1. Determine whether residue 212 is touching a strand residue (DSSP E or B) at 6+ places or on another chain (Cβ under 9 Å), at pLDDT below 90 and more than 29 Å from residue 119 (Cβ to Cβ).
2. Looking at the range 91-101 only, could you name the residues that are in contact with a strand residue (DSSP E or B) (Cβ under 7 Å, 6 or more places away or on another chain) and over 12 Å from residue 157 (Cα atoms)?
3. When you go through 250, 255 one by one, which is the residue that is touching a helix residue (DSSP H, G or I) at 6+ places or on another chain (Cβ under 7 Å), under 20 Å from residue 292 (Cβ atoms) and not in a strand (DSSP E or B)?
4. In the set 121, 133, 125, which member is within 29 Å of the chain's Cα centre (by Cα) and surrounded by fewer than 20 Cβ atoms within 10 Å (Cβ to Cβ)?
5. If residue 110 passes every condition in (1) within 30 Å of residue 145 (Cα to Cα); (2) at pLDDT 95 or above; (3) in the same structural domain as residue 163 (by TED's automatic domain parsing) but one, which one does it miss?
6. Anything in the range 223-237 that is surrounded by fewer than 20 Cβ atoms within 10 Å (Cβ to Cβ) and either assigned to a helix (DSSP H, G or I) or not assigned by TED's automatic domain parsing to the domain that holds residue 209 (or both)? List them, or say none.
7. Kindly indicate whether residue 176 is modelled with pLDDT of 90 or more and outside the structural domain of residue 265 (by TED's automatic domain parsing).
8. Just to be sure I understand, how many residues within the range 242-275 are in contact (Cβ under 8 Å) with a residue 12 or more places away in the chain and in contact with a strand residue (DSSP E or B) (Cβ under 9 Å, 6 or more places away or on another chain)?
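The values are calculated or read from the model by the stated rules, or taken from the named source; none is laboratory data. Nothing here was measured: the structure is a model prediction, and the numbers come from that model. Cβ placement follows ideal geometry from the backbone for every residue including glycine, while neighbour counts extend to all protein chains displayed.
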């Protein structure tokens, strides 16, 4: 299956790049030669079912485990030859909180400052600024065990930021959070990226990827099943359509005569045609309407959502090849 790509000139510099990454555990192949190119200052989301290799990818790129084959660079440093330089440039928030519940939020922050070898005065300043930034100042003196799930997650990311990383790996950061806390986390991610940070996000919440990611890759059976923007991926699966609504019955009848392949609803004066919503499809439809001398009162494009994409790509459904307009 082709990956949606755009012919938009040279690719921007990569914060993370990988070529042919492979990893097996015993006789189970987890990653079977994946390629990645993640521009600096963007959000990249890696989707996939449980066991697809999302966490393994994060562990490799953050130097926690070694790939069996392939090459990767993170923040301009080679994983194999300069792992220490990679570690100095990144932050990692795993699926399970690194917060120590027996000490206070402030003490957790100061512990991280010590691990980054910050002078004591500098460590206190950084800790105080991050606690305030994440809305944790009032709770700073309380044991972290008393924090809600959302507060622990915010503290977890605040701790990750102590070393001022330019690349952050967030491995399913909102799992188990309530909707309000999840939206708070989304805003934190947006704020990080607006400050120039690159975020590598793994998630099982498709809405989360749709909301945050500049580009999304779907990992399945050890490989990248598809990669592109959310809109490009949505156009990979069938079910999209274009709906035309008319207020003038005469215009509706002329349009119906010109668009004989459209499904008609004579009561609501609407026509519906299969279409992926691409520029080419819309231009062709508008040309047909112009030839008939008809103008619709309303045109809406309906595309499948990421749930449809996810199930199609990971559940064995046939996904049609995309048009050349989105192939880079």
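1. Details: touching a strand residue (DSSP E or B) at 6+ places or on another chain (Cβ under 9 Å): yes; at pLDDT below 90: no; more than 29 Å from residue 119 (Cβ to Cβ): yes.
No; evaluated as a whole, the condition is false for this residue.
2. At the first step, the residues of the range 91-101 found to be in contact with a strand residue (DSSP E or B) (Cβ under 7 Å, 6 or more places away or on another chain) are 91-95, 101.
Within the range 91-101, 101 is the sole residue that qualifies.
3. Values: 250 fails: touching a helix residue (DSSP H, G or I) at 6+ places or on another chain (Cβ under 7 Å).
The conditions single out 255.
4. When all the criteria are applied, what remains is 133.
5. (3)
6. Passing the criteria: only 231.
7. no
8. Here the count works out to 20.
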